Each structure stands twice: as structure tokens, then as C-alpha cells.
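The structure appears right after this line, and notes come after that.
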Amino acid sequence: MEEILKNTNNCKLYYLSPDHEPLNWQSKKTSESDKYSWVDYNSSSDYYEFRLEDDDGSYKGYDLEDVTSTQKCIDFLTVQIKALNTNEHPDAQNLLGLYQDLLENRQNYMEQAKLMASTEINKANRAKYLELEGAKVSLAESLENIFFEIRKLIDYSYYGSVQVFIERCPDAFSILGNDTQIDGSILLTNTKGISETVDITVRYKDDDGVLVGSRGIYETVPGNSKVRIDISGAGSSGPVSGGAFFPAVCTLSFN
């Protein structure tokens, strides 16, 4: 996990799980919103037009940086795969397979990123640009599913014989009087045949990393069983947001 954390941005590992709101483009063209699920029709706002008006060329810079960062991710995964090839432990071999899937995903993404970086942002190339973005969106969705499986293998803590896995942190905030609350969840997996009682505290952070609330979990997990605990950020002293974000915005302490 330490190596993954170092490469979070390069590999675009931004979410704990696929359970999050999609990042959609705005378009004034109904034909585009009909064709692409990630495009929302908006009569007054258009993301591609916004790019066209970007005089300093920063968006083209972002496209070029996308190629550079994706290559760094490919290099990272290549090193990890080489190391795992010599480890015969079943978990290591499972992780090897997931890393190989992730590498293939990033190699396919690299092809689209290179094409996008070489495609000029102009009115004539709009359809081609959205086509490339659509391919990248699809690959990003696949990446999130692969990454969630990777996290289940290596991103957990132990409380006695019980694996403690943060599936999702909660969200709880209010905007203009509209309250939003999305529960998170913790998965407890007892790896032995006898019951174990888990006593932990989940603490929540706001966008600035300040601890604003907590939830205690006291749960007996039967032997060789799994228990999922829903956790809510309601009642915290401040907004709890970014529940699906990686790295996790909630922390665990064992009592």
C-alpha cells in the first residue's frame, strides 16, 4: 500500500470504491448527451467550448501531462509485477493477476491519452476529442473495479483474528440548507474459527483533514464469517465529505 500511495496520482487511483458520483461533462448539444452517459446537457454551459476559450493552452498541457503520468504508472506496475513473479504465495499470485489487469488497463489508456494529446482542440476536432474522452472514461471505470479488488487484498488492518477493511467513508454535509448524508461501511472478516469481539473507533475528517466526528464499533464476529457495519457521519462537528475518495478520509483506532 505504501508504494500505491506514492503512485496514487500517476495511476489515477482516486476512489476507495466505484460508489461515487460520476464526473460529467456539460454540453450544449443534446446529441452528445444522448450518445455519452458521462455528458450532461446544459443550455448555458459547455465544457469543450470552455477549453476552446483557454488561450494559454493549459488544457493541452493537461493532456500532455496525462501521457507522462500514465507512463510513470506503467513503470511502477511493471516493477511490482516483476517482484511478485517470484512470490508463490496464493495472495501474491492473486495480486499479481490484478496488477497485470491494471497494467493492461493503463496501457490501453496510454493509447487514448497519446491520441488526445496529439488532437488539436478546435471546433473541427470536437467529435474526435469526445470519442477519446469516452474511451478514457470507460477505462477509468474498469480501473476503479480492479483497484477495489486490489485494496481488498492488501489495504486492511487486523484486530485479533479479524481483518478490518474500510469499504467507504461516510459523507454528511449541508449546502444551502440541503442536507446530504451517505453512509460508509466497514467490512469485518474473521479469519479463524472462533468468535472475536472487535472494539474500534472510526474517526472522520473534513476537507482540510480536521477530525470532526467519530463512531464506535463494538461487534462480535462469528468464526470464519463476515460482518458489514454501516457508519454515518451524522452528528459530527463539521462536514464529513469525500467518503469515496482515496486515500480514505476516515481513520481507525483500536480500543
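The values are calculated or read from the model by the stated rules, or taken from the named source; none is laboratory data. Computed from a prediction, not measured in an experiment: that's the story for all the values here. Cβ sites come from the backbone with ideal geometry, for glycine too, and all protein chains shown count toward neighbours.
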In the list 150, 166, 154, which residue meets the criterion of being within 16 Å of the chain's Cα centre (by Cα) and crowded, with 20+ Cβ neighbours inside 10 Å? 166
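Condition first: in contact (Cβ under 8 Å) with a residue 12 or more places away in the chain and farther than 30 Å from residue 51 by Cβ. Can you find one or more residues in segment 82-92 that meet it? Before you say what the answer is, go through the steps one by one.
Going residue by residue through segment 82-92, those that are in contact (Cβ under 8 Å) with a residue 12 or more places away in the chain are 84, 91.
Narrowing the set further to residues that are farther than 30 Å from residue 51 by Cβ leaves 84, 91.
Scanning segment 82-92 turns up at least one residue that is in contact (Cβ under 8 Å) with a residue 12 or more places away in the chain and farther than 30 Å from residue 51 by Cβ.
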Among 199, 207, 179, which is part of a strand (DSSP E or B), surrounded by fewer than 18 Cβ atoms within 10 Å (Cβ to Cβ), at pLDDT below 95 and not aromatic (Phe, Trp, Tyr)? 179
Within segment 229-236, identify whether any single residue is part of a strand (DSSP E or B) and either at pLDDT below 90 or over 20 Å from the mean Cα position of the chain (by Cα) (or both), and answer yes or no. yes
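Check segment 122-138 and report whether any residue there is closer than 28 Å to residue 21 by Cβ and of a type in the set (Val, Ile, Thr). First the steps, then the outcome.
Looking only at segment 122-138, we keep the residues that are closer than 28 Å to residue 21 by Cβ, and these are 126-138.
Remaining after also requiring of a type in the set (Val, Ile, Thr): 137.
Within segment 122-138 (the criterion being closer than 28 Å to residue 21 by Cβ and of a type in the set (Val, Ile, Thr)), the answer is yes, since at least one residue qualifies.
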For residue 120, are the conditions met, namely being at pLDDT below 95 and over 16 Å from the mean Cα position of the chain (by Cα)? yes
For segment 1-80, which helices (runs of 4 or more DSSP H) that fit wholly inside it have 2 or more residues that are surrounded by 14 or more Cβ atoms within 10 Å (Cβ to Cβ) and on the phi < 0 side of the Ramachandran plot? 8-11, 30-35, 47-52
All conditions in (1) more than 19 Å from the chain's Cα centre (by Cα); (2) more than 14 Å from residue 150 (Cβ to Cβ) are true of residue 107 except (1)
Filtering segment 182-196 down to residues that are under 21 Å from the mean Cα position of the chain (by Cα) and either assigned to a loop (DSSP other than H, G, I, E, B) or of a type in the set (Val, Ile, Thr) (or both), which residue is modelled with the lowest pLDDT? 182
Identity of the residue in segment 182-196, of a type outside the set (Val, Ile, Thr) and in contact with a strand residue (DSSP E or B) (Cβ under 6 Å, 6 or more places away or on another chain), that ends up surrounded by the fewest Cβ atoms within 10 Å (Cβ to Cβ): 195
Condition set touching a residue at least 24 places away in the same chain (Cβ under 8 Å) and within 16 Å of residue 37 (Cα to Cα), scope segment 113-134, selection surrounded by the most Cβ atoms within 10 Å (Cβ to Cβ): answer is 130
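Name the residues in segment 147-176 that are assigned to a loop (DSSP other than H, G, I, E, B) and on the phi < 0 side of the Ramachandran plot, would you?
So the first thing to find is which residues in segment 147-176 are assigned to a loop (DSSP other than H, G, I, E, B), and the list is 155-156, 160-161, 169-170, 176.
Result: 155, 156, 161, 169, 170.
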